[in-house]
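Accompanying notes for the structure given below.
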Amino acid sequence: MEIVHENTWKFWSFIVDKVFNIEFRRVTENMHCKLIREISEHEIGLYIHFPFCRSFCKYCPYYREFWNENAFNKYFKALIKEIKLVGKLLNDLDLVVVDAHAGGGTPSIPQSDFWRVILEELKSTFNWKADFGIEANPEDLADESKTFTLRDAGVSEVSIGVQSFHRSLLRELGRRHGPEDSIAALENSKNAGYNLVNIDLMFMIPGEDLKIWEEDLRIAVELNPTQITTYPTLLTPQAIIWDNAVKGKVRQPIKLFEKFVNLSQKILDSYNMVRIESWSKGGDYSTVNLEMTGPLLALGAGAFGFTGTYEWCNVHSVREYIRSLLNDKLPVAVARSVNTSERTSRIVADQLFCRGIINASFLREKLGYGFEALPKPFKWSLRIMKSLGFLEGNKEILKLTRKGIIAAHKFIWTFVMKVPCKLAYKLMETPWPMRINLP
Ligand SMILES: C[S@@+](CC[C@H](N)C(=O)[O-])C[C@H]1O[C@@H](n2cnc3c(N)ncnc32)[C@H](O)[C@@H]1O
Ligand code: SF4
């Protein structure tokens, strides 16, 4: 296959297989209600999955269903019910929500007062000290009145799925919008006064070369959003294009990977690198980090939550989600406990590989342990990285070197394909599995 697959980078594939060899299981309602209360910290994040899209992009690995007004109205009621049930369950824990996002799917679709009502419900249920950000498709925010309505409803940050400013690549990805929609969406978002406007770009898209990538990056910088995030194009079995990829009809420029990454570093140098894939002039629109480190409360069909010691997945089916909540049951499909060594790995992976630096005192403060709690294969990989010049530092602090950034990208790419993408794929196939083994 001439695409990057989960075993392309063998060293990282081996490490992920060893460190994230995990099992999710069905859980009883009573057990879930007990374990979800074991939240490791007072300040928490909150994520809502909005699982509808108007059409399916060819490379998309995420859980989504076709937009349908009737299903959406029922989903709306079910989500309110879930907020009430979870709120009641955690009511006495004195938690503060400090980070809140909605992703999908396409949370920018609803025309109605959807987000206003959801936010009112959230704010009356939880102690709320968070901005609220949503992922938005350019065609929605190209509509000026919608961009303002969402802002008025209380949405304060947007992440716009631009992907590319080249029409040919948007067509390759199966996107509905053109580059002109993305530019209008960005201008409208700035005018509407969002606190943070991020744009997502994708690279290593089949058909893309370094010249196109450089143009995309330069246009992005010229348009001056608060933040620019660059994702390598993942190809997983749930993507519409997968069969063609397996037949060799889709090719990614694998050999150019390092050059793509280096080009991003070079062109985006007027911004600060806040994660290895993201550059900002103020703040960080990020939904993935809390999934890694917790605590994160998850709401909506297809959402993943993590208390710090307990991880769960909501059912990946709108129909089953609604059915559960109509019966006053939380829509939890599978769950698992996370031990200290895995949580340490997740925090180190998030800090060191996503953000470029990890301090042992940060670990001790969060967990009561330092690097010694890491599992052996993870410790070996850090030692190997250090001897290869990918890491520098000492017993207290570790930093990625410039060379190490490429290795970190390879780790994240492998991890995302083998763990969250695979989990979503299995849950999309079977909404209520008895168990799921990963990777
Ligand atoms: C979950 S999507 C939701 C946002 C919105 N539905 C959209 O597509 O614009 C969030 C981001 O994931 C990224 N994404 C989508 N498909 C991807 C893929 N196959 N590989 C890597 N990133 C991908 C895109 O950059 C997208 O903006
Ligand atoms: S990439 Fe975004 S719009 Fe496209 S199918 Fe996936 S979630 Fe929907």
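With a requirement of 3 or more residues that are out of contact with any His (no Cβ under 8 Å at 6 or more places or on another chain) and under 28 Å from Phe304 (Cα atoms), the strands (runs of 3 or more DSSP E) lying completely within region 385-439 that satisfy it span 435-438. When region 177-195 is limited to residues that are within 15 Å of ligand 1 (Cβ to nearest atom) and in contact with an Asp or Glu (Cβ under 6 Å, 6 or more places away or on another chain), the one that is farthest from Tyr271 (Cα to Cα) turns out to be His177. Against the test of being within 12 Å of ligand 1 (Cβ to nearest atom) and either closer than 29 Å to Val155 by Cα or touching a strand residue (DSSP E or B) at 6+ places or on another chain (Cβ under 7 Å) (or both), the options Thr233, Thr226 yield a single qualifying residue, Thr233.
When Glu396, Glu429 are checked against the criterion of being among the charged types (D, E, K, R) and within 28 Å of Ser40 (Cα to Cα), Glu396 stands alone in meeting it. For residues that are out of contact with any strand residue (DSSP E or B) (no Cβ under 7 Å at 6 or more places or on another chain) and free of Cβ contacts under 8 Å to residues at least 40 places away in the same chain, tally how many sit in region 344-359. Residues that pass the stated criteria total 1. Checked against (1) hydrophobic (A, V, I, L, M, F, W, C); (2) more than 16 Å from ligand 2 (Cβ to nearest atom); (3) over 17 Å from Gly294 (Cα atoms), Phe66 passes all but a single condition, namely (2).
Cβ separations smaller than 9 Å between residues 6+ apart or across chains give the following pairs from region 371-391 residues that are closer than 18 Å to Thr340 by Cα to residues that are β-branched (Val, Ile, Thr) and surrounded by fewer than 20 Cβ atoms within 10 Å (Cβ to Cβ): Ala373/Thr340.
Here Ile48 meets each of (1) surrounded by fewer than 17 Cβ atoms within 10 Å (Cβ to Cβ); (2) under 21 Å from the mean Cα position of the chain (by Cα); (3) farther than 27 Å from Arg171 by Cβ with one exception, condition (1). Any residue at all in region 119-142 that's under 30 Å from Gln265 (Cβ atoms), hydroxyl-bearing (Ser, Thr, Tyr) and out of contact with any Phe, Trp or Tyr (no Cβ under 7 Å at 6 or more places or on another chain)? Within region 119-142 (the criterion being under 30 Å from Gln265 (Cβ atoms), hydroxyl-bearing (Ser, Thr, Tyr) and out of contact with any Phe, Trp or Tyr (no Cβ under 7 Å at 6 or more places or on another chain)), the answer is no, since none of the residues qualifies.
A quick yes/no check of all residues on (1) more than 15 Å from ligand 2 (Cβ to nearest atom); (2) acidic (Asp, Glu):
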residue: Leu141; (1), (2): no, no
residue: Glu144; (1), (2): yes, yes
residue: Arg151; (1), (2): yes, no
residue: Gly161; (1), (2): no, no
residue: His166; (1), (2): yes, no
residue: Arg171; (1), (2): no, no
residue: Ala185; (1), (2): no, no
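Return a yes/no flag: does region 306-325 have any residue that is among the acidic types (Asp, Glu) and under 19 Å from the mean Cα position of the chain (by Cα). Within region 306-325, one or more residues are among the acidic types (Asp, Glu) and under 19 Å from the mean Cα position of the chain (by Cα). Condition (residue is within 16 Å of ligand 1 (Cβ to nearest atom), among the β-branched types (Val, Ile, Thr), closer than 16 Å to Gly305 by Cα and touching a Pro at 6+ places or on another chain (Cβ under 8 Å)) applied to region 29-42: is it met by at least one residue? Scanning region 29-42 turns up no residue that is within 16 Å of ligand 1 (Cβ to nearest atom), among the β-branched types (Val, Ile, Thr), closer than 16 Å to Gly305 by Cα and touching a Pro at 6+ places or on another chain (Cβ under 8 Å). Residue pairs whose Cβ atoms lie under 6 Å apart, sitting 6 or more positions apart in sequence or on different chains, and linking a residue in region 312-336 that is over 19 Å from Lys34 (Cα atoms) to a partner that is among the β-branched types (Val, Ile, Thr), are Tyr321/Val315.
Of the listed requirements (1) over 22 Å from Ser278 (Cβ atoms); (2) crowded, with 21+ Cβ neighbours inside 10 Å, Ile384 misses just one: (2). Selection of region 202-248 for residues being more than 16 Å from ligand 2 (Cβ to nearest atom), under 27 Å from Gly133 (Cβ atoms) and β-branched (Val, Ile, Thr) yields Ile219, Val221, Thr226, Ile228.
For the criterion of being closer than 18 Å to Arg175 by Cα and either among the aliphatic types (A, V, I, L, M) or more than 20 Å from the chain's Cα centre (by Cα) (or both), Leu235 passes.
For every residue, the table says whether it meets (1) among the aliphatic types (A, V, I, L, M); (2) modelled with pLDDT of 95 or more; (3) within 26 Å of Ile48 (Cα to Cα).
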site: Val155; (1), (2), (3): yes, yes, yes
site: Ser168; (1), (2), (3): no, yes, no
site: Ile183; (1), (2), (3): yes, yes, no
site: Leu186; (1), (2), (3): yes, yes, yes
site: Met204; (1), (2), (3): yes, yes, no
site: Glu214; (1), (2), (3): no, yes, no
site: Arg218; (1), (2), (3): no, yes, no
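The set of residues in region 46-87 being touching a residue at least 60 places away in the same chain (Cβ under 8 Å), among the hydrophobic types (A, V, I, L, M, F, W, C) and either more than 13 Å from ligand 1 (Cβ to nearest atom) or part of a loop (DSSP other than H, G, I, E, B) (or both) consists of Leu46, Phe56, Cys57, Cys60, Ala71, Ala78, Leu79, Ile83, Leu85, Val86.
The values are calculated or read from the model by the stated rules, or taken from the named source; none is laboratory data. All figures in this text were calculated on a predicted structure; none of them were measured in a lab. FYI the Cβ positions are ideal-geometry reconstructions off the backbone, even for glycines, and counts take in every protein chain you see.
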